[in-house]
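S.K.: This structure is in structure tokens; I'll ask about it shortly.
Values in this text are rule-based calculations from the coordinates and carry no lab data. Here the structure is a predicted model, which is why all the values come from computation and not from measurement. Because the Cβ atoms are built from the backbone with ideal geometry, glycine has one as well, and the counts that use them run over all protein chains shown.
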Amino acid sequence: MSQYSRILCSYILMFCGMTIGLGGCAAQAPKLEGLYFKDVPVYARSEVKEMMGSESRGDDFVVKGMAWYMASADSPDRIRQWYQKQLPQATKVTSDSGDVTFSFTPKGAEEHEDVEITIYKNPKENDYQFIIHEDVLPGKRKN
């Protein structure tokens, strides 16, 4: 390997090392099966542990919910900061226990459709966890 190639490789490795926590180089966001709104950001250094559907009713509406339970080795603070940058328009609420929820209405959403991302620590498994939850009107989701 030439000296030029070694220097170039060193710069690439250094760049990847600096950006990996920001979703660069090696990190790629997991695909959320069944996600309706395509502009929902997914933290790259995470994995889907479980998913669950639900149905909620109001006086004059029904929504179908889907929740993806995510795990990451990164700290809740790091995940929260990433989502804060990705979702500056979102409403942010911090609970008494320190859980943080970002709520927003995606582009193209109809009344009663929304997305919430809640970041919390799961004490049972000692994994840092967060949930992505999406509500859509019946018939929109393909599963």
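S.K.: Starting from the Cα of Lys49, draw a straight line to each of the aspartates and glutamates and keep only those under 17 Å, dropping any in the same chain fewer than 8 residues away.
M.R.: Partners found: Glu33, Asp74, Glu125, Asp127, Glu134.
S.K.: Still on this structure, please answer the following. Of the listed peptides 89-99, 111-121, what is their order by residue-averaged count of other C-beta atoms within 10 Å, with the highest listed first?
M.R.: 111-121, 89-99
S.K.: Here is a further query. Could you work out, for segment 60-115, what percent of all Cα-Cα pairs fall into each 5 Å distance bin, beginning at 0 Å and stopping at the bin that holds the largest distance?
M.R.: Pairs per bin, as whole percents: 4, 14, 21, 26, 19, 10, 5, 1, 0.
S.K.: Here is a follow-up. Let me see the pair-distance distribution of segment 31-136: every alpha carbon pair, 10 Å bin width, integer percents in order.
M.R.: 14, 48, 32, 6, 0
S.K.: Quick one: if you stick a label point 7 Å off each Cα along the C-beta vector at Lys85 and Phe61, how many nm between them?
M.R.: 3.3
S.K.: Quick one: what are the phi-derived ³J(HN,Hα) couplings along segment 28-34, Karplus 6.51/-1.76/1.60 with θ = phi - 60°, whole Hz, x for glycine and proline?
M.R.: Running phi through 6.51 cos²θ - 1.76 cosθ + 1.60 with θ = phi - 60° gives 10, 5, x, 7, 9, 4, x Hz.
S.K.: So, one more: Which aspartates and glutamates have a Cα lying under 12 Å from the Cα of Lys92, excluding residues fewer than 8 positions away in the same chain?
M.R.: List returned: Glu116.
S.K.: What's the extension gain from Val48 to Asp77 if we count 0.36 nm per residue and subtract their Cα-Cα distance?
M.R.: 8.5 nm
S.K.: Right, another one. Name the residues of segment 46-77 whose amide N is less than 11 Å from a point 7 angstrom out from the Cα of Arg141 along the C-beta direction?
M.R.: 51-56, 63-68
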